[in-house]
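This report concerns only the one structure given below.
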Amino acid sequence: MSDNDHQKHRGYISLHRMDGFSDAVFAFAVTLLVVSLEVPKSAHELFHLMHGFIAFGVAFTLLMILWYQHSKFFKRFPITDLWMISLNMMLLFVILMYVYPLKFLFTNLFDTLIWKSGGDSFSSVSEIRLLMMIYGAGMIAVNFVFFLMHKHAWRLRERFDLDQSQINELYSDMAGNIVNMSVAALSVLIAAATSDQGAWAGYIYFLLGPVHWGVAEWSRKRMEKKALQDKATEESAKADV
């Protein structure tokens, strides 16, 4: 982005500085996910470390999804005013805060499901429920900050000369954040208010796929209906002329 473009969008700092700092934080978060920084000294240690590769891959993928969403947002909306800087710092803080819970959750999940060796990480069922509540709270926090970022971009939509399809995409992104927060809140509720041992609080996240598909279909049909209405209005206006 040129200096003139940046001035037009009233940036407090240059966009590349905020992007660079954000990328560094994401890179540091990935570093915290690394299975071990120590080189194994025996085959037994190597095989034990390899047990964590699947969990690392899943957690790494989730972080990369957040990184991609963050990158895509600032490519579409190069806003660096004080409110956006604050929201970005909040997002990075939450991501760093939840790296270890994310790693711990998936490491124990795959140790239990695949390697059958994850039962000694918890002293009681209440600790499992608490972990699910912490994970859900983190997901809610991340998506809430993303929602506020998109809402701020929507308030400044005239500055970016967005067409109808871009506005619809912005609405879809905010709807996606609401879906994620709702499912995570349901998971937290299950873990906090029932005798669930963590299973259903985890299974509930499988709702994300169907619900996101339903929202996307609803958004697509809404866009098609709006396009037909606009076309009919345009044809009616031409006929009157």
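The values are calculated or read from the model by the stated rules, or taken from the named source; none is laboratory data. All values derive from a computational prediction rather than experimental measurement. Neighbour counts are summed over all protein chains in view; Cβ atoms, including those assigned to glycine, are modelled from backbone coordinates with ideal geometry. Calculation scope for accessible area: heavy atoms of the full protein, side chains included, ligands and nucleic acids excluded. Shrake-Rupley method; radii C 1.70, N 1.55, O 1.52, S 1.80 Å.
Numerical summary
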| item | result |
| --- | --- |
| Inter-residue pairs, beta-carbon under 7 Å, first under 22 Å from A185 (Cβ atoms) and in segment 144-161, second in a helix (DSSP H, G or I) and open to solvent by 40 Å² or more (accessible area, probe 1.4 Å), 6+ apart | V145/M90; F146/Q69; F147/I178 |
| Residue that is most open to solvent (accessible area, probe 1.4 Å) [pool: residues in segment 111-140 that are of a type in the set (F, W, Y) and modelled with pLDDT under 85] | W115 |
| Flag for G176 being surrounded by 20 or more Cβ atoms within 10 Å (Cβ to Cβ) and either small (G, A, S) or not in a helix (DSSP H, G or I) (or both) | yes |
| Selection within segment 141-157 - at pLDDT below 90 and within 17 Å of the chain's Cα centre (by Cα) | none |
| Any pair with Cβ under 6 angstrom, 6 or more apart, that starts in segment 178-198 at a residue that is under 14 Å from S126 (Cα atoms) and ends at one that is outside any loop (DSSP other than H, G, I, E, B) and aromatic (F, W, Y) | I190/W200 |
| Set A199, A239, A193, A185: member being modelled with pLDDT of 85 or more, more than 25 Å from the chain's Cα centre (by Cα) and of a type in the set (A, V, I, L, M, F, W, C) | A193 |
| Residue within segment 112-125 that is in a helix (DSSP H, G or I), closer than 20 Å to A201 by Cα and not β-branched (V, I, T) present | yes |
| Among residues of segment 54-78, those that are open to solvent by less than 50 Å² (accessible area, probe 1.4 Å), hydrophobic (A, V, I, L, M, F, W, C) and either in contact with a Phe, Trp or Tyr (Cβ under 9 Å, 6 or more places away or on another chain) or free of Cβ contacts under 8 Å to residues at least 40 places away in the same chain (or both), counted | 7 |
| Count of residues meeting criterion [assigned to a helix (DSSP H, G or I), over 18 Å from M174 (Cβ atoms) and not charged (D, E, K, R)] in segment 210-241 | 9 |
| Hey, S86 surrounded by fewer than 15 Cβ atoms within 10 Å (Cβ to Cβ), of a type in the set (S, T, Y) and modelled with pLDDT under 90 or not | no |
| Qualifying residue in segment 205-225 (condition: closer than 20 Å to I128 by Cβ and free of Cβ contacts under 8 Å to residues at least 24 places away in the same chain) | yes |
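So that you can scan it fast, the table gives a plain yes or no per residue for (1) open to solvent by less than 100 Å² (accessible area, probe 1.4 Å); (2) farther than 30 Å from L156 by Cα; (3) modelled with pLDDT under 85:
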| residue | (1), (2), (3) |
| --- | --- |
| M1 | no, no, yes |
| N4 | no, no, yes |
| A24 | yes, no, no |
| F28 | no, yes, no |
| F47 | no, yes, yes |
